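Structure first, then comments.
The values are calculated or read from the model by the stated rules, or taken from the named source; none is laboratory data. Every value quoted in this text rests on a predicted model; they were computed, and no experiment measured them. Neighbour counts are summed over all protein chains in view; Cβ atoms, including those assigned to glycine, are modelled from backbone coordinates with ideal geometry. These area figures cover heavy atoms from the full protein model, side chains too; ligands, DNA and RNA do not enter into them. Shrake-Rupley method; radii C 1.70, N 1.55, O 1.52, S 1.80 Å.
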Amino acid sequence: MTCGGTITVQNDGLLSNDDMPTHFNGNCSWTIVAKQLDQKISLTITHLSLLGNNSIETNRHCPSSFLRVRDGNDESASLINEFCGHKVPPMIVSRGNTITVELGSYSGPIVGKFSAHYSALSTACGGSLTSEEGSIASPNYPDSYPTTSSCEWIVSTSPGVFCGDDRPLNTTVASQLFIKFRDGEGTGRGFIAHYGFIHVHCEWAVKARPGRTLNVRILDFNITNGNNDCQNHLTLRNGESIESPLLGQGKFCGYSHEDRVSTLKSSSNALYIVYHLVRSQYQAFSLHYEEQGVECGLTSELDSNNPWEVINSPNYPSIPTPFSECEWKFSAPPGEILKIDFIDRFDLARKEDCDDEFVEIRDGASKISPLKGLFCREKPSTVKTSGNYVYIKYVTQLAEPRNGFRANISIDVCGHIRADKGEITSPAVEREAKLREVVSKRGLPLVNQLCVEYHARNYKNNTSLKLLASTTDQLCGDILSNYESVFASPNYPNGYSANQECTWDIIAEKGNRIMLNFIEFLDCHWIVSAPQGKVIQVDFTNFHIAPCRNVNQTALGISKCDCDFVEIRDGINPNSLLIGTYCGHDRPPTLSSSRNLVGIRLSTDGEIGSSGFTISFSIRDSPCGRNNYEVTGNSQIIKSPGYDGGAIPRGLHCSYYLSQQDNPFIHLRINNMDLQNGSLFNVCDKDVLIVTENMHSENTTLGTDLILRSDNNEFFDTNYAYYDILLHAPQQIVLCGIRKSVDIYLTGNSKINLITAPESEKSHRGVEMEISSISGCSRNYTEPQGRIQVTQTESNSEKCSILISVPENITISLYFIYVTMPWDGTSNLQIFDGDTTTATLLTTISESNSDIAVFSTGSKVLIWKNGTYSGWGIGFDMNYYTSDKGRGCGGRLHNIVGNVASPLYPNTYRHVGTCEWELETPAVTRLRLQFKVFDLGASCEQNYVQLVDRGGNVFSTYCAETPAIYTSSDNYVKIVFTTTMNNAGSGWTAQFLGVTL
């Protein structure tokens, strides 16, 4: 298409810049004119991806590339709107018979593409129409039609043909259509409708067996169009309905397609095919589809060269393929038996009868062998066969399976003795004896073990084994307490043996920290202790820890060390804060503890030995200063090292312990935080500030935010869901980057860890924090989103107020998940549209209730408890979010659980525009979303809800039907709500939460 020009249209056509160069310099202007003066132009933008230079600082809506639409015949006509980015706007209708479309750029070349469909719109009141397609509208559309209007249209064509499984909606049976529009005494904007003559319309629904997918290949193809508008087309959809996502290019027309040379693959077991022909010339196509099974299962013979195999559910460690079924068959040499050990995780649907998802183990080579067990609930203990065959089957009949399993199948060995001295004698049979493995282990507490495996083969010689054992000096591990020490893995530098474990206890005076330098490493435990007030520095001088057998973890992009590894913890307990886990052949960086204790562990898996490591550690003065604070009502300031000088040291690790006596609640305010950002969004893997509440031990780092138990997939019952506010389960907040004025409210003794990476591209100032104790529920919140929980005991005081304050021109949306009132009915909760009780009262809550939405008009909201009661106050759980798009219109919410609602819910929201809510749960979870109320009225084409993934892809659109419960593939989803002035529904509410992987 040429750049600009005048287009006179009688019916319709297409407009795009597809034929222009990718980076086109210049502006283009098209004037589209209807042939009749009483006609109007309807313009539908079908694709928009106009980008540009985002680095340009400007207040314009479009920084560079743009598409303008004007209501007239030149560039001076009234501007309807300017568009850019990826968001496709609703259909545009001119007020006269002319519309102008401008494509240009404020700076640099035009970057991106657009396409649009235009048509001449007849607003005449009735008539006989015989064109192949067109549009009709009420008189004067989009302006109001005259009162007492009465119009009749007759649309005529030749009879159509339908085929496939179903006749499409909104089509006539006969070749004539009679349309009548009649008005009484009122008036309104009216309507617009598009019609087209269908000569052939076919729809096929193809479905394979559950758990399978479909491969599709287009064999012959000739579907032409007279004006390149692709109205004659073949459409393939990746699912079982007309609303399923497109497969491949999706819509095919012309003489040939690149998709013909490659096989298209569905992601489910369903395919929906639509063949649409509106013109009578010869058209034809043929395609071939074939069911594809899930690739899983194995038949394997185990022997001395291949003594074990690892199996797992499909896609492990990701979610298994829905409706999948796998079979494994293993055999060992005669006289051997097999054992099955479930390793890593075992997470299947937990039902008594195991009929939805299970692992089946049979004592033999086939599916009819004796059953050893059917497992789906708890992880099974070791299963052993009676012979040298085993049959294993995994089945899931769920559309949303659980997380699957992993198991190790190996040839079994016999014998197990625990003693400090003893004698082992094998049976004197006609077999050859082989001592396969002798390993000395030492762990915590001190326990010496000698593990002997005796393996016999069928041979002619009459051979037996006799072995005497007694305890000896330890081979690795130690207790170290010198100011400067060096220790090494066993047999260094000649290489440690496989499957070895050692422990060193490194002790320094209380108050010191311990620093370790690994020279080369093994599988052992060490405790490093320094004097109080000191810290420990750890330096690895040599480091060679074997990778997994036959697996190049670096090439596969595997960052975790799940074979041989070295583990450093900031304390002596197994759940102390993990400083780092290391493997491979690159020396770890210099490490430093935050206090006077360090735990070191070296673990190997028995596959491959390596030369090991050497570590040098030294005891130094702590750079962090005071680390224990008793929190009182008086504010205390905590500054990171180097804060006043403007630069926090690199490779720093500080811990601050907060304890209180009188009040259980601590107010932590981060006045300023200037730390290095993480390498990815929502990942703090460089500098990090970790706040952990409800600490029960000064040497214990507790877990992440409270998440649904793995055996509970249901949404919380709103009446009893949030007992964590009463139990005060340990929770953790992880922060990095640059932030100011962050308010955090903690319960019980708490701990703050501040860690900086060894290197940074620029200097960062650090952190300044303020701590004080608070009583009751009087709090201030300044973050743009959050969750607020108040117990009835917390609010049992005369004064209880919560102020949410955000920047100007921002509105606040509150959603009370539940409110619990005292029994006497004398108290209530008042919500004010400002920061005082003299502001406008938004609502009063006087009864226990749930699912209450409140929307402010400004940037402050005051939650005020009114009334007193001896014994219990008012308890509630709520979340809030903010928006700069208008009252209740969108926002961003990051939490483990939360609720959102359409603007002004439950009142009707009549507004032309789009609102977006970005929902995110912690990184270790998947986001589950459920719409509890869904009512968008009758106008579905212009009022609808879309779900969008993190990549910006729309995967579901809803209007008339309530959306099904959705579980994301990660921890993110965006809700997009598009509305017009004719929106008539009460709106919607939705609940989201994070579920375990």
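Residue-wise test of (1) of a type in the set (Val, Ile, Thr); (2) more than 24 Å from Gln930 (Cα to Cα); (3) at pLDDT 80 or above.
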position: Thr836; (1), (2), (3): yes, yes, yes
position: Leu862; (1), (2), (3): no, yes, yes
position: Asn866; (1), (2), (3): no, yes, no
position: Asp877; (1), (2), (3): no, no, yes
position: Leu893; (1), (2), (3): no, no, yes
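Could you list, in sequence order, the residues of segment 877-906 that are basic (Lys, Arg) and assigned to a strand (DSSP E or B)?
Arg892, the sole residue that qualifies.
When the residues of segment 960-992 are filtered to those that are modelled with pLDDT of 85 or more, of a type in the set (A, V, I, L, M, F, W, C) and more than 11 Å from the chain's Cα centre (by Cα), which remaining residue is nearest to Val900 (Cα to Cα)?
Checking each candidate, the answer is Ala990.
Please find, among Leu893, Leu829, Leu803, Leu841, the residue that is outside the structural domain of Gly987 (by the TED database) and open to solvent by less than 30 Å² (accessible area, probe 1.4 Å).
Being outside the structural domain of Gly987 (by the TED database) and open to solvent by less than 30 Å² (accessible area, probe 1.4 Å) holds for just one of Leu893, Leu829, Leu803, Leu841, which is Leu829.
Listed residues Lys751, Lys762; which is modelled with pLDDT of 80 or more, buried (at least 20 other Cβ atoms within 10 Å of the Cβ) and either among the basic types (Lys, Arg) or in contact with a helix residue (DSSP H, G or I) (Cβ under 8 Å, 6 or more places away or on another chain) (or both)?
Of the residues listed, the single one that is modelled with pLDDT of 80 or more, buried (at least 20 other Cβ atoms within 10 Å of the Cβ) and either among the basic types (Lys, Arg) or in contact with a helix residue (DSSP H, G or I) (Cβ under 8 Å, 6 or more places away or on another chain) (or both) is Lys751.
Here is a yes/no grid of residues against (1) open to solvent by 10 Å² or more (accessible area, probe 1.4 Å); (2) more than 21 Å from Gly293 (Cβ to Cβ); (3) within 36 Å of the chain's Cα centre (by Cα):
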residue	(1), (2), (3)
Leu374	yes, yes, yes
Lys379	yes, yes, yes
Thr382	yes, yes, yes
Ser386	yes, yes, no
Tyr389	yes, yes, no
Thr396	no, no, yes
Ala399	yes, no, yes
Asn403	no, yes, yes
Asp412	yes, yes, no
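Can you name the residue in segment 618-652 that is in a loop (DSSP other than H, G, I, E, B) and among the basic types (Lys, Arg) and, of all such residues, is least open to solvent (accessible area, probe 1.4 Å)? Steps first, please.
From segment 618-652, those in a loop (DSSP other than H, G, I, E, B) are 622-627, 632-635, 640-652; that's our starting set.
The next check asks that each one be among the basic types (Lys, Arg); those that pass are 626, 650.
Working: Arg626: 130, Arg650: 74 Å².
Once the filter is applied, the top-ranked residue is Arg650.
If you go through segment 594-617 one residue at a time, how many are in a loop (DSSP other than H, G, I, E, B) and more than 30 Å from Asp344 (Cβ to Cβ)?
Summing the residues that are in a loop (DSSP other than H, G, I, E, B) and more than 30 Å from Asp344 (Cβ to Cβ) in segment 594-617 gives 3.
Having 1 or more residues that are buried (at least 18 other Cβ atoms within 10 Å of the Cβ) and in contact (Cβ under 8 Å) with a residue 60 or more places away in the chain is the bar; report the strands (runs of 3 or more DSSP E) wholly within segment 12-98 that clear it.
Values: elements: 12-16, 28-34, 39-50, 65-71, 78-83.
Per the criteria, 12-16, 28-34, 39-50.
In segment 289-341, what count of residues is obtained for those that are hydrophobic (A, V, I, L, M, F, W, C), open to solvent by less than 60 Å² (accessible area, probe 1.4 Å) and under 27 Å from the mean Cα position of the chain (by Cα)?
Residues that pass the stated criteria total 4.
Restricting to segment 342-364, count the residues that are outside any strand (DSSP E or B) and either open to solvent by less than 50 Å² (accessible area, probe 1.4 Å) or not assigned by the TED database to the domain that holds Arg402 (or both). Full working, then the answer.
So in segment 342-364, the residues outside any strand (DSSP E or B) come out as 348-356, 363-364.
Still in the list and also either open to solvent by less than 50 Å² (accessible area, probe 1.4 Å) or not assigned by the TED database to the domain that holds Arg402 (or both): 348-349, 354, 356, 363-364.
Qualifying residue count for the region: 6.
Restricted to segment 834-853, and to residues that are in a loop (DSSP other than H, G, I, E, B) and not β-branched (Val, Ile, Thr), which residue is farthest from Asn899 (Cα to Cα)? I'd like the intermediate steps shown before the answer.
Our first condition is that a residue be in a loop (DSSP other than H, G, I, E, B); within segment 834-853, this holds for 834-840, 846-848.
Still in the list and also not β-branched (Val, Ile, Thr): 834-835, 839, 846-848.
Working: Gly834: 23, Asp835: 24, Ala839: 26, Ser846: 21, Glu847: 20, Ser848: 18 Å.
Only one residue fits best here, namely Ala839.
Consider only pairs whose beta carbons are under 7 Å apart and that are at least six residues apart or on different chains; among these, list those whose first residue lies in segment 757-784 and is basic (Lys, Arg) and whose second residue is modelled with pLDDT under 90.
As it stands, the answer is Arg779/Tyr745; Arg779/Ile802, since those pairs meet every condition given.
How about segment 916-997: which strands (runs of 3 or more DSSP E) wholly inside it have at least 2 residues that are more than 19 Å from Glu243 (Cβ to Cβ)?
925-935, 972-979, 987-996
What's the number of the only condition in (1) open to solvent by less than 50 Å² (accessible area, probe 1.4 Å); (2) at pLDDT 85 or above; (3) under 28 Å from the mean Cα position of the chain (by Cα) that Tyr781 fails to meet?
Only one criterion in (1) open to solvent by less than 50 Å² (accessible area, probe 1.4 Å); (2) at pLDDT 85 or above; (3) under 28 Å from the mean Cα position of the chain (by Cα) is unmet by Tyr781, namely (2).
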